[in-house]
Amino acid sequence: MKIRCFILLDVILVYVSADPRNETECRRGWIPHGTSCYLISHERQDWHSSEAMCELLGGYLVEIQNADEDAFIRRIVDSLQKSVWTGGADIEQEGKWVWMASMEPVNYANWDSGEPNSYQNSDENCVDVRPGHSGWNDERCMTIQNYVCENSEREVAVIG
Ligand SMILES: [Ca+2]
Ligand SMILES: [Ca+2]
């Protein structure tokens, strides 16, 4: 019985590795990292349109939950040399930062020094990551810029 199980497992593993999506672990154009896949936009949108675009593409605006994911997004931004929207905002309650797709509070946070500052009372309610900065910034949501989508569809190979 035990042997039969192992044979069955082998068959499943062969089948899984034959799945074309598993070779890249993410859909075409999406970059794998950790347990997620990421898409860097070519075009620029305000925050709300960025959120809508990510949804349309089968994801959500990136939610940065830990230092590792933060460093990954930082590398993207620094190589792109462009600011990108994340899914963080304090739209519903000033000063209460939330990842809007999951509605999870921003527990891990890496604000740039002096941020979030709602610069000159300009109502900066959306979180972006800017090149050349080590932390995040609050920015006016109507600012047009690039964005990063995330989805959790990454297929991580099972080691049997
Ligand atoms: Ca995430
Ligand atoms: Ca700011």
In segment 46-58, anything surrounded by 16 or more Cβ atoms within 10 Å (Cβ to Cβ) and part of a loop (DSSP other than H, G, I, E, B) is listed as Asp46
Among the residues of segment 113-126, is there at least one that is of a type outside the set (D, E, K, R), within 13 Å of Ile64 (Cβ to Cβ) and part of a strand (DSSP E or B)?
no
Selection over segment 122-143 where residues are at positive phi and within 11 Å of ligand 2 (Cβ to nearest atom) yields a count of 1
By residue number, the members of segment 59-81 that are part of a loop (DSSP other than H, G, I, E, B), more than 9 Å from ligand 1 (Cβ to nearest atom) and either among the β-branched types (Val, Ile, Thr) or over 22 Å from Val98 (Cβ atoms) (or both) are Gln81
When segment 53-80 is checked residue by residue, the ones that are closer than 20 Å to Glu104 by Cα and not aliphatic (A, V, I, L, M) are Cys54, Glu55, Gly58, Gly59, Tyr60, Glu63, Gln65, Asn66, Asp68, Glu69, Asp70
Quiz item: Would it be correct to say that Ala109 is more than 16 Å from ligand 2 (Cβ to nearest atom), of a type outside the set (Val, Ile, Thr) and surrounded by fewer than 19 Cβ atoms within 10 Å (Cβ to Cβ)?
Solution: no
Within segment 57-93, the residues that are polar (S, T, N, Q), more than 16 Å from ligand 2 (Cβ to nearest atom) and under 10 Å from the mean Cα position of the chain (by Cα) are Gln65
Note: among Asn66, Asn125, just one is farther than 16 Å from Tyr147 by Cβ and either surrounded by fewer than 20 Cβ atoms within 10 Å (Cβ to Cβ) or in contact (Cβ under 8 Å) with a residue 24 or more places away in the chain (or both), namely Asn66
Note: among Glu150, Glu155, just one is modelled with pLDDT under 95 and either away from ligand 2 (no atom under 16 Å from the Cβ) or in a loop (DSSP other than H, G, I, E, B) (or both), namely Glu155
Going through segment 39-57 in order, the residues found to be among the small types (Gly, Ala, Ser) and in contact with a strand residue (DSSP E or B) (Cβ under 6 Å, 6 or more places away or on another chain) are Ser41, Ser50
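The values are calculated or read from the model by the stated rules, or taken from the named source; none is laboratory data. Small disclaimer: the values here were computed from a predicted structure and weren't measured. Neighbour counts are summed over all protein chains in view; Cβ atoms, including those assigned to glycine, are modelled from backbone coordinates with ideal geometry.
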